[in-house]
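The values are calculated or read from the model by the stated rules, or taken from the named source; none is laboratory data. Computed from a prediction, not measured in an experiment: that's the story for all the values here. Cβ coordinates were reconstructed from backbone atoms using ideal geometry, including for glycine residues, and neighbour counts include every protein chain displayed. Just the protein is used for accessible areas: all its heavy atoms, side chains included, with ligands, DNA and RNA removed. Shrake-Rupley method; radii C 1.70, N 1.55, O 1.52, S 1.80 Å.
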Amino acid sequence: MAQVFDTIIQGGRVVDPASGVDSVADLGIRHGKIARVGEGLPRTAGVRLFDAHGRIVIPGHIDTHTHISSPWARSVDRAFGHAMLAESGTTTALDLAGEPTALAEGMQRRGAGLNVACLLGLVPHQTIRTDDPGPALLRETIAATMKKGAIGVKLLGGYHPFTPESTADTIREGNDQLAWVAFHVGTKATGSDLHGLREIPDLVADGRLHVAHINSYCRGMVLPPAEECREAVQILESKRGQLVSEAYLAQINGTNGKCDEAGNLVYNVAQNCLKARGYPTTEAGIRQALLDGYGSALVERDERVVLVSGAEAVKVWEDASTDASLSFPVNPPLSAMLLTIERYPDGEFVVDAISTDGGSLPRNVAIERTMALVRFGALSMADAVRKLSVNPARMLGLRQKGHLSPGADADITIIDEGSGRATMSLVAGEVIMMDGRVVGTGGTWFVTAAGEDAARRSGLPYQVLDLAESQLYAGWN
Ligand SMILES: [Zn+2]
């Protein structure tokens with residue numbers, strides 16, 4: 001008897017490197033799972049059919065660096081990031097510096113049907129009681145945020161750096177609780193650049209760590225970008241098996257223009273953006289950089305976050321008393337590309353995944369820029385899928401994602417070959433985006449066992465992750 005499917009995606013080029021598949025085929029979905037990939041699947045009565053001729057069908061993009069709930073960054077509503085990610089073809093997102101209760105609330109309000117996990121950003125006096133917290137406070141803060149549904153914490157070294165000792169304590173205390181620990185590098189001894197990256201081997205010691213957006217430390221602030229990339233690769237290699245990492249492919253960054261009472265820029269990342277073009281790191285420097293069109297400001301428009309420049313950007317920044325989200329084109333394409341394609345001699349990628357570092361930042365270009373690298377010949381299509389889906393699934397220990405074998409979650413991204421853009425995506429067999437338009441709502445909340453009660457109370461669909469199965473904690477005991 002013929003197998004019955006709920007949905008069939010017809011005639012696309014199915015690329016599933018985990019199963020060794022790259023061929024034109026139909027993809028049959030039943031009960032939210034992949035049921036079969038093959039030619040001429042039977043079209044029984046009631047089946048939903050989607051035509052994917054001329055399109056590429058891949059396991060859904062898992063974005064390991066997004067921003068969809070930063071409650072302390074008040075100038076825009078980060079929850080718009082759900083729709084912005086869904087529009088660009090992402091199906092699963094790790095919020096890399098949010099707050100779990102705010103995440104759940106934002107997902108209920110503005111969710112787009114994504115699977116979402118969240119890290120607590122460690123902001124002194126806001127999400128953690130003191131500067132440079134010691135082991136006991138870290139242990140308590142990490143346990144408390146996991147209970148609220150975060151899967152771990154993010155060290156914000158470029159914005160709220162701790163001492164090297166406190167940074168190392170955070171990594172160790174997180175590891176002890178099998179919490180995800182991500183690090184925007186930089187301590188009070190260094191900054192958000194190659195110097196910060198060089199501290200990693202000592203800080204991580206024999207622990208485990210997610211090095212956030214490794215391309216961001218290769219902007220040519222210390223050495224020429226290509227040399228910085230070479231050193232970044234050596235640092236990752238020196239701790240291979242202990243570190244996971246991702247790079248993003250947008251030129252623009254995201255930062256904040258906050259100035260202190262003396263009129264000096266507070267955050268290291270923003271200072272570096274101005275230094276890169278010779279502007280003073282002051283209020284006057286920011287104002288000029290915005291007026292010159294070098295910097296942009298983030299604003300809400302038509303339920304999305306967009307960039308504005310010139311006098312309009314200055315007004316946004318002034319209206320926020322300088323505490324406004326800004327963006328500068330500081331990421332060299334060379335660094336993004338080198339770090340994306342670099343491999344170990346055994347063929348594995350040095351940098352595991354391609355992320356957006358987007359969501360509520362309008363730079364959700366992971367899929368289209370990865371496809372540009374495919375067209376350029378820098379990645380094969382199978383490699384593109386490895387970086388967008390297979391490896392990130394492995395990073396997080398999502399065994400039912402990152403592949404299209406029977407029984408896998410029917411999370412799928414469909415890409416137009418010509419434009420390189422995602423045209424449709426499904427999560428658990430349900431369409432969340434069609435022709436660039438979001439049709440999903442809410443979402444599925446990924447928590448650890450510690451956060452299960454919080455997830456249940458939220459009323460959102462949820463899934464419990466076991467980070468012991470993640471690549472981050474592979475072989476950990
Ligand atoms: Zn980020």
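How large is the dipole of the range 169-294 about the Cα centre if only Lys and Arg carry +1 and Asp and Glu carry -1, each at its Cβ, rounded to the nearest 20 debye?
Rounded to the nearest 20 debye, it is 240 debye.
Would you kindly find the accessible area of residue 476, with a 1.4 Å probe and non-protein molecules such as ligands, DNA and RNA excluded, rounding to the nearest 10 Å²?
80 Å²
Which whole-Hz ³J(HN,Hα) couplings does the range 418-430 yield from phi under the Karplus relation 6.51 cos²θ - 1.76 cosθ + 1.60, θ = phi - 60°, glycine and proline marked x?
So the Karplus estimates, Gly and Pro as x, are x, 8, x, 9, 5, 10, 7, 8, 10, 10, 6, x, 9 Hz.
Antiparallel versus total DSSP beta bridges in the range 8-120: what percent is that, nearest 5?
For the range 8-120, the DSSP antiparallel bridge percentage is about 45.
As an exercise, use a Förster radius of 41 Å and the Cβ-Cβ distance of residue 435 and residue 466 to find the FRET efficiency, rounded to the nearest 0.05.
0.65
Would you mind pulling out the separation of the Cα centroids of the range 309-344 and the range 152-193, in Å?
22 Å
Can you tell me the relative contact order of the chain? Whole percent, Cα pairs under 8 Å, sequence separation 6 or more.
After rounding, I find 22 percent.
Residue by residue through the range 376-392, which ³J(HN,Hα) values in whole Hz follow from phi under the Karplus form 6.51 cos²θ - 1.76 cosθ + 1.60 (θ = phi - 60°), with glycine and proline marked x?
Coupling constants for the range 376-392: 6, x, 7, 9, 7, 5, 4, 5, 4, 5, 4, 6, 8, 9, 4, 5, x Hz.
Under a point spin-label approximation (7 Å from Cα along Cα-to-Cβ), what is the residue 449-residue 240 distance to one decimal in nm?
3.3 nm
Residue by residue through the range 339-355, which ³J(HN,Hα) values in whole Hz follow from phi under the Karplus form 6.51 cos²θ - 1.76 cosθ + 1.60 (θ = phi - 60°), with glycine and proline marked x?
6, 6, 9, 5, 10, 6, x, 7, x, 5, 6, 5, 9, 5, 9, 9, 10
Relative to the present Cα-Cα distance, how much length would full extension add between residue 44 and residue 226 at 0.36 nm per residue of separation?
60.0 nm
When each pair of different Cα atoms in the chain is counted once in the 1/r mean, what is the Kirkwood radius in angstroms, to one decimal?
With all distinct Cα pairs of the chain included, I get 22.4 Å.
Evaluate the distance, in nm, between pseudo-label points positioned 7 Å from the Cα of residue 260 and of residue 372 along their respective Cα→Cβ axes.
3.8 nm
Ranked by accessible surface with a 1.4 Å probe, highest first, in what order do 195, 53, 184 come?
Result of the area sort, largest leading: 53, 195, 184.
As a test question: what accessible area, to the nearest 10 Å², does residue 238 have when a 1.4 Å probe is rolled over all protein chains in place?
For residue 238, the solvent-accessible surface is approximately 70 Å².
Grab the other residues whose beta carbon is less than 12 angstrom from that of residue 407, score K and R as +1, D and E as -1, and report the net.
+4
Just add up the charged neighbours of residue 455: K/R +1, D/E -1, any other residue whose Cβ is under 14 Å from the Cβ of residue 455.
After counting each charged neighbour, the total is +1.
Report, by chain and number, residues whose modeled amide H sits under 5 Å from the one on residue 65, excluding near sequence neighbours (fewer than 5 apart, same chain).
94, 356, 357
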